[in-house]
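S.K.: Below: one structure in structure tokens.
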Amino acid sequence: GAVAVDRLTERPRAPRDITRRCGTIDEPTRAYLAGAPLSTGANLGVRLIQVHFCFIYMAAGLSKLKGDGWWNGSAFWDVMISPEFTLMKYQWFEEFVRKIASIKPLYHTITMFGVWFTWGLEISFPFLVWTRLRPLMVWMGVLLHAGIGMLMGLNVFELYMMTMLLVFFPPGVIRDRLRGSGEPKVGY
């Protein structure tokens, strides 16, 4: 692919090697070095990851519909107060959670927002990510996984999921960011 490690390290050396051998860079070589050639295999790989990610979200969202804890909001709250996963080992977080629990309207608002946000994103993502709402869906996915990473401490898994979300960005945006240019040439 265009952003493979060997491809990134090959680019700076290639012009130097060609000019050392030939003295100049011909136009086809200059065009090749300016942009990655189209690759059916890379496109297929990206599409498979995108579809797989949509299946992951749909399966996760639909499976949550079967759980009573998701219907009454306790699943979200259980994650927030689980000493196995969360920040409960910190005094400030425990006091924060106790304060939320003591204010019942706030408690119900937070738990139901967490449930509805998770359900809404996981079930709608596979459909809306293919529309003009793609940037919104991707950023909501990043927020979901950042929140899960903070609340549950599953940092490696959440970084993996956020990395998988990169396949929904146009390749030009990723390529420009890896090159370090200021503004992307290709938008959504």
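S.K.: Given (1) closer than 30 Å to Val167 by Cα; (2) in contact with a helix residue (DSSP H, G or I) (Cβ under 9 Å, 6 or more places away or on another chain), where does Trp116 come up short, assuming only one miss?
M.R.: Answer for Trp116: the failing condition is (2).
S.K.: Taking Phe157, is it among the aromatic types (Phe, Trp, Tyr) and without any contact (Cβ under 8 Å) to a residue 60 or more places away in the chain?
M.R.: Judged against the criteria, Phe157 is a match.
S.K.: Only one of Met140, Met152 is under 25 Å from Leu65 (Cβ atoms), surrounded by 15 or more Cβ atoms within 10 Å (Cβ to Cβ) and either in contact with a Pro (Cβ under 7 Å, 6 or more places away or on another chain) or at pLDDT below 85 (or both). Can you tell me which?
M.R.: Every option except Met152 fails the conditions.
The values are calculated or read from the model by the stated rules, or taken from the named source; none is laboratory data. Treat the numbers as computed from the prediction; the structure is a model and nothing was measured. Quick reminder, even Gly has a Cβ in these numbers, built from the backbone with ideal geometry, and neighbours come from all protein chains shown.
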